[in-house]
Amino acid sequence: MKIQKLTVLILIPVFASCVMVMNKIEELKPIENYSTENIVTDENKLMDAEILFINDKSVKTKLKAETNLFDKTLLNENSINKYFAILDNQAKKNYISYEIVKKMTFKDLKGNLRTFINRGDKFKSLHEVIYDGKIKWFVEYYPQAYDQSVQINNHFVNENNQVVIVGNFNSMRNKLKEITISKPELIDIIDKTDKFNYESIIEILKEYEK
């Protein structure tokens, strides 16, 4: 297993250096050339996607993704948040950078609709939008340095542009209290929450809306 993980670490930089990644809008073909509505392909791990580029032009295309080693329906988010392949109308893969993407919406390999956005030059990848209310919740995906497994940072931004980031070594409970500080009545709800998962966190964010 250690040899396998080391191989992954070696191959990733090699792959990145061998593939031409378009990181300027001028390097793209005409946007309509990436429409895949009428193509037929036997390529696997493809997802239907709509991409809005930074020039405000959009296209419906096919997005190529990698999967978890042990579950072929589980998306590896690191394969589509920084640079990734989309098909053109000849079913050829074209690698593009997050830098030229404003927003990307797609159905993942389990059929879930997901949205990733470019939050500006401060960030070096697309972030997933989990909740969009008075408090916005974004997830940043990045590879673990040792084995390239998917790691996350949760970004919460309230209506006053206060930002709280929850990483591996932070307390979700304490950070949620911090971002909802203007509504102290939520402290009791947060303290009584046994398990912080997507559903329970969204319920707290919805309570903040009231």
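May I ask what percent, to the nearest 5, of DSSP beta bridges between residues of segment 14-107 are antiparallel? Don't skip to the answer; put the middle values down first.
Working: 21 of 23 bridges.
In segment 14-107, approximately 90 percent of DSSP beta bridges are antiparallel ones.
Rounded, prolate or oblate, given the Cα gyration tensor of segment 159-203, with a/c below 1.5 counting as rounded? Intermediate values should be presented prior to the final figure.
Details: a/c = 1.63, a/b = 1.09, b/c = 1.50.
Oblate.
Using a 1.4 Å probe over the heavy atoms of the protein chains, calculate the carbon and sulfur portion of the accessible area of the chain as a whole percent. Mind showing how you got there, number by number?
Working: 6480 of 12270 Å².
Carbon with sulfur: 53 percent of the solvent-accessible area.
Among 161-173, 140-152, how do they line up by average Cβ neighbours within 10 Å per residue, starting with the highest? Numbers along the way, then the final one.
Working: 161-173: 12.9, 140-152: 14.9.
So the peptides 161-173, 140-152, ranked by packing, come out 140-152, 161-173.
Please enumerate, by chain and number, the lysines with C-alpha under 17 Å from the C-alpha of Lys57, excluding those fewer than 8 residues away in the same chain.
Excluding near neighbours in sequence, the set is Lys24, Lys29, Lys102, Lys103.
For segment 45-58, what does the Karplus curve 6.51 cos²θ - 1.76 cosθ + 1.60, with θ = phi - 60°, yield as ³J(HN,Hα) per residue in whole Hz, taken in order and with x for Gly and Pro?
After applying 6.51 cos²θ - 1.76 cosθ + 1.60, I find 6, 9, 10, 5, 9, 10, 10, 9, 8, 5, 8, 6, 9, 10 Hz.
Per residue, how much accessible area does the chain show when a 1.4 Å probe rolls over the protein heavy atoms, in square angstrom?
Working: 12270 Å² over 210 residues.
Using a 1.4 Å probe on heavy atoms only, each residue of the chain averages 58 Å².
Using each residue's phi in segment 175-184, evaluate 6.51 cos²θ - 1.76 cosθ + 1.60 at θ = phi - 60° and report the 3J(HN,Hα) Karplus result to the nearest Hz, with x for Gly and Pro.
These are the phi-based 3J(HN,Hα) values: 5, 5, 5, 5, 6, 9, 4, 6, 10, x Hz.
Just to be sure I understand the model, the point goes 7 Å from the Cα along the line to the Cβ. What's the resulting Thr73 to Val163 distance in nm?
3.6
Using only the alpha carbons of segment 37-143, what is the convex hull's orientation-averaged projected area in square nanometres? Don't jump to the answer; show the numbers that get you there.
Working: hull surface 29.9 nm².
Reported value for the Cα convex hull: 7.5 nm².
Which value, to two decimals, describes the C-alpha radius of gyration of segment 133-209 once divided by 2.2 N^0.38 Å?
Details: Rg = 13.1 Å, N = 77, 2.2 N^0.38 = 11.5 Å.
For segment 133-209, the normalised Cα radius of gyration comes out at 1.14.
State the antiparallel share, in %, of DSSP beta bridges confined to the chain, rounding to the nearest 5.
Details: 44 of 46 bridges.
The antiparallel fraction comes to roughly 95 percent.
Please report, largest first and rounded to whole Å, the three semi-axes of the ellipsoid equivalent to the chain, where each semi-axis is the square root of five times an eigenvalue of the C-alpha gyration tensor. Provide the component values of the computation, followed by the final result.
Values: eigenvalues 223, 88, 49 Å².
Gyration-tensor ellipsoid for the chain: 33, 21, 16 Å.
How far, in nm, would the chain grow between Ile54 and Thr193 when pulled straight, counting 0.36 nm per residue and subtracting the alpha carbon separation? The partial results should precede the final answer.
Working: separation 139, 0.36 × 139 = 50.04 nm, distance 4.00 nm.
Taking 0.36 nm per residue and subtracting the Cα distance, the gain is 46.0 nm.
Can you flag which of Lys64/Lys107; Lys136/Lys183; Lys110/Lys134 are past 22 Å Cα-Cα?
Details: Lys64/Lys107 12 Å; Lys136/Lys183 16 Å; Lys110/Lys134 29 Å.
As for pairs spanning more than 22 Å Cα to Cα, those are Lys110/Lys134.
Quickly estimate the mean residue ellipticity at 222 nm for the chain, helices only: each DSSP H run with n ≥ 4 gives -39500 (n - 2.57), and the total goes over all residues, rounded to 500.
Result for the chain, helices only: -6000 deg cm²/dmol.
With charges set only on the Cβ (+1 for Lys and Arg, -1 for Asp and Glu), what does the dipole of the chain come to about its Cα centre, in debye to the nearest 20?
Values: 31 positive and 30 negative charges, 64 e Å.
For this selection, approximately 300 debye.
The values are calculated or read from the model by the stated rules, or taken from the named source; none is laboratory data. These numbers were taken from a predicted model, which means no experiment stands behind them. Cβ coordinates were reconstructed from backbone atoms using ideal geometry, including for glycine residues, and neighbour counts include every protein chain displayed. These accessible areas exclude ligands, DNA and RNA; they are computed on the full protein's heavy atoms, side chains included. Shrake-Rupley method; radii C 1.70, N 1.55, O 1.52, S 1.80 Å.
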